[in-house]
1. Could you list all residues from the stretch 20-64 that are buried (at least 18 other Cβ atoms within 10 Å of the Cβ) and in contact (Cβ under 8 Å) with a residue 60 or more places away in the chain?
2. Does I14 count as surrounded by 15 or more Cβ atoms within 10 Å (Cβ to Cβ), among the β-branched types (V, I, T), in contact with a Phe, Trp or Tyr (Cβ under 7 Å, 6 or more places away or on another chain) and part of a helix (DSSP H, G or I)?
3. Could you please find all residues in the stretch 191-205 being of a type in the set (A, V, I, L, M) and surrounded by 10 or more Cβ atoms within 10 Å (Cβ to Cβ)?
4. Which residue, of L141, L125, is of a type outside the set (K, R), within 12 Å of the chain's Cα centre (by Cα) and surrounded by 17 or more Cβ atoms within 10 Å (Cβ to Cβ)?
5. Within the stretch 91-131, track down each residue that is of a type in the set (G, A, S) and free of Cβ contacts under 8 Å to residues at least 24 places away in the same chain.
6. From the list I63, I41, I35, exactly one residue is touching a Ser or Thr at 6+ places or on another chain (Cβ under 6 Å) and either on the phi < 0 side of the Ramachandran plot or in a helix (DSSP H, G or I) (or both). Which is it?
7. Return the only residue of N23, N109 being of a type in the set (S, T, N, Q) and either within 30 Å of N139 (Cα to Cα) or part of a loop (DSSP other than H, G, I, E, B) (or both).
8. Residue pairs, Cβ under 6 Å, 6 or more apart or interchain, first in the stretch 150-176 and over 18 Å from E193 (Cα atoms), second at pLDDT 90 or above and of a type in the set (A, V, I, L, M). List them.
Amino acid sequence: MKREKQNELMIQKILNSAIEEFNSYDYESASLNRICKKGQISKGIIYHYFKDKDDLYLKCVQICFETLIEYYNQKNFNCLDLSEAVIGYMQIRAQFFEEHTEFRGLFFNALLRTPSHLQHEVNNLKKELDMINLSFLKNQLSKIPLKDSISVDGAVKFLDIQINAFNEYFRKSAEENENFHSIIEKHEDMIVEWLNIILYGIVKEA
């Protein structure tokens, strides 16, 4: 076997073990020793291909985001109703995690329990995914009548701020050591309802 192919196989073996570890544990709790044990590899091998734990973690996060982006790009749906579009969009993400269970914990750990010293790097890795989300919102909002004083771009910016605030609420729950599996379930259960409240308000029309 050629050296280049051997390197590719070893890197993939390390990443498979690391993705499993970071999917099960947040960055702080994740262990290189467990990664080595799961993959039956030595720490020396990991450090041969990756600078350190940060480098390995960021590569796993990158793979997670890129795989989700590719999944989104393969999906097309047309909904006349904004609520149906939002629900459908979130169902695509839910379906992705059903089909790729190895990324669910990794994604939400990166989103809600981002290592403070890697915040900038994770945000950079998430930029394309953020753009896809905002592009979806902009596309849907352009199809519906908005109030005269509100532009599509202004509405998208407002929604972006609100979504960040929504995620911040759950970040604080994670910091308070609430059960993380429960946090993820609440996050996914609430987000569609929360977006509907933002879009349509809380007061019933007369």
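The values are calculated or read from the model by the stated rules, or taken from the named source; none is laboratory data. Not measured: the values here are computed from a predicted model. With ideal geometry, Cβ positions are generated from the backbone for all residues, glycine too; neighbour counts draw on all protein chains shown.
1. Answer for the stretch 20-64, where residues must be buried (at least 18 other Cβ atoms within 10 Å of the Cβ) and in contact (Cβ under 8 Å) with a residue 60 or more places away in the chain: E20, F22, N23, D26, Y27, Y57, L58, V61.
2. Yes: the conditions hold for I14.
3. Answer for the stretch 191-205, where residues must be of a type in the set (A, V, I, L, M) and surrounded by 10 or more Cβ atoms within 10 Å (Cβ to Cβ): I191, V192, L195, I197, I198, L199.
4. Exactly one residue qualifies, and that residue is L125.
5. S116
6. I35
7. N109
8. R171/L112; S173/I183; A174/L112; A174/I183
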